[in-house]
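Below: the structure, in structure tokens.
The values are calculated or read from the model by the stated rules, or taken from the named source; none is laboratory data. Because the structure is a prediction, the values reported are computed rather than measured. Because the Cβ atoms are built from the backbone with ideal geometry, glycine has one as well, and the counts that use them run over all protein chains shown.
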Amino acid sequence: MKSVTIDAFSDDASRVEVREVAAPKPGPGQVRVRMHMAPVNPSDSFARMIWNLGAERPTDSPGGEVFPRPPYALGVEGVGVVEECGGGFLGRRLVGKRVAVVSGPPHGTWQEQTLIDAKRAFPVPRSLSDAEACSFFVNPLTALVMVRHLLQVPRGAVVLQTAAGSALCQMVRNLAREDGFRVIDVVRSRVGAQRLKQGNSKYVVALEDEDLLTAVHRIAPQGVQCVLDCVGGATGAEVLRTLAPGGRMVCYGTLSREPIALPPRDIMMPMTRVEGFYLAAYLANRTLFQRLGLVRKTAQLIKSGVLGTTVAQTYRLDELHAALEHARRPGRTGKVLLDLT
């Protein structure tokens, strides 16, 4: 079977190859999934976190799963059909069902078949297309959990979000219309701002053209209640200062790959909070029934269009490097998908 594989940790896309490998055999508690489709999502490195100091092998979170040594297949989510189980009540119930999966090394989703812990395979309704179901977790579930469960954004609040041209940020705007809060969208360029305004975003700030604090003060004179930041670096430090007293900033991405400067007075005087969010760690601390409830609600919101994902383009595996280049393109709108059938 075909598998998208790396031999060493690297940010160099040319090191990623499509190879012929043997089909996997499920072990106890695992199922083998014939993949239909998977999205190309940004990948973050967690190896330099404090909990990894002195560790022989890095993990993605304290007490989390150990990163395997390459080679292994890439891809963290997707959709496919369970063809075989390695034993266990849950696995046997899943055979023949189409499932959304959230995985990771060494059994990534960018391959024709993959192995997954049966507890990480969630049946999806027939009403969802493969394109909708394959991006079930990273964006839709993250947006839902951050807005409604972590922050519990109240009606009338103001939420500021960075890198606002992303698919996830569009989902936050959709949730805002559902839940009755306002959103300030922050982007780098005037081109990006114009694109959002054409898409009916009401409050847009282009850092290329405007001073952020001045622009936010014009929209929300007392500051914003919540910040969702996936950029970090200088932008992360700047948006921190837009928080109202008692506000909360959630860091859920590292697009700039730079640390955030946190002047103590910017936190202590308004008594604001800065916290991190990582979906896999959040789900690991939920019960099975809580996870299933989140999956059901997410499926409903995807079908209704609230958490729907716009597709930029779909590529086949032999077009892998074109897909990777497209996914890294600045100003891209919509998800890049891999067709694995």
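Would you check which residues across the stretch 248-281 are among the hydrophobic types (A, V, I, L, M, F, W, C) and without any contact (Cβ under 8 Å) to a residue 12 or more places away in the chain and list them?
268, 269 - these are the residues of the stretch 248-281 that are among the hydrophobic types (A, V, I, L, M, F, W, C) and without any contact (Cβ under 8 Å) to a residue 12 or more places away in the chain.
Can you tell me which residues in the stretch 101-117 are buried (at least 20 other Cβ atoms within 10 Å of the Cβ) and touching a Phe, Trp or Tyr at 6+ places or on another chain (Cβ under 6 Å)?
Residue satisfying the conditions is 102 alone.
Going by what's in this entry, would residue 338 be described as within 20 Å of residue 1 (Cα to Cα), part of a helix (DSSP H, G or I) and among the aliphatic types (A, V, I, L, M)?
no
Quick check on residue 320: is it outside any loop (DSSP other than H, G, I, E, B), buried (at least 19 other Cβ atoms within 10 Å of the Cβ), touching a strand residue (DSSP E or B) at 6+ places or on another chain (Cβ under 9 Å) and not assigned by TED's automatic domain parsing to the domain that holds residue 102?
Answer is no for this residue.
Return the total of residues in the stretch 292-317 being part of a helix (DSSP H, G or I) and not β-branched (Val, Ile, Thr).
Count: 11.
Conditions (1) surrounded by fewer than 18 Cβ atoms within 10 Å (Cβ to Cβ); (2) without any contact (Cβ under 8 Å) to a residue 24 or more places away in the chain; (3) touching a helix residue (DSSP H, G or I) at 6+ places or on another chain (Cβ under 9 Å); (4) part of a helix (DSSP H, G or I), marked per residue:
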| position | (1), (2), (3), (4) |
| --- | --- |
| 87 | yes, no, no, no |
| 90 | yes, no, yes, yes |
| 96 | yes, yes, no, no |
| 99 | no, no, yes, no |
| 119 | yes, no, yes, yes |
| 144 | no, no, yes, yes |
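Tell me whether the stretch 201-223 contains one or more residues that are crowded, with 16+ Cβ neighbours inside 10 Å and of a type in the set (Ser, Thr, Tyr).
yes
So if I check each of 80, 75, which one is part of a loop (DSSP other than H, G, I, E, B), out of contact with any Pro (no Cβ under 7 Å at 6 or more places or on another chain), crowded, with 20+ Cβ neighbours inside 10 Å and not aromatic (Phe, Trp, Tyr)?
Among 80, 75, only 75 is part of a loop (DSSP other than H, G, I, E, B), out of contact with any Pro (no Cβ under 7 Å at 6 or more places or on another chain), crowded, with 20+ Cβ neighbours inside 10 Å and not aromatic (Phe, Trp, Tyr).
Among the residues that make up the stretch 299-316, is at least one of them closer than 18 Å to residue 253 by Cβ, hydrophobic (A, V, I, L, M, F, W, C) and surrounded by fewer than 17 Cβ atoms within 10 Å (Cβ to Cβ)?
Checked against the condition, which is being closer than 18 Å to residue 253 by Cβ, hydrophobic (A, V, I, L, M, F, W, C) and surrounded by fewer than 17 Cβ atoms within 10 Å (Cβ to Cβ), the stretch 299-316 yields no hits at all.
For the stretch 146-157, which residues satisfy the criterion of being surrounded by 19 or more Cβ atoms within 10 Å (Cβ to Cβ) and either assigned to a helix (DSSP H, G or I) or within 14 Å of the chain's Cα centre (by Cα) (or both)?
Once the filter is applied, which keeps residues that are surrounded by 19 or more Cβ atoms within 10 Å (Cβ to Cβ) and either assigned to a helix (DSSP H, G or I) or within 14 Å of the chain's Cα centre (by Cα) (or both), the stretch 146-157 yields 146, 147.
For the stretch 323-335, how many residues are under 16 Å from the mean Cα position of the chain (by Cα) and outside any helix (DSSP H, G or I)?
Of the residues in the stretch 323-335, 5 are under 16 Å from the mean Cα position of the chain (by Cα) and outside any helix (DSSP H, G or I).
Name the residue that is modelled with the lowest pLDDT, counting only residues in the stretch 101-117 that are in a strand (DSSP E or B) and more than 18 Å from residue 141 (Cα to Cα).
Within the stretch 101-117, the match that is modelled with the lowest pLDDT is 107.
Do we have any residue at all in the stretch 43-61 that's aliphatic (A, V, I, L, M) and at pLDDT 75 or above?
No, that holds for no residue.
Just to be sure, is residue 180 assigned by TED's automatic domain parsing to the domain that holds residue 269, without any contact (Cβ under 8 Å) to a residue 60 or more places away in the chain and closer than 25 Å to residue 263 by Cα?
In short, no.
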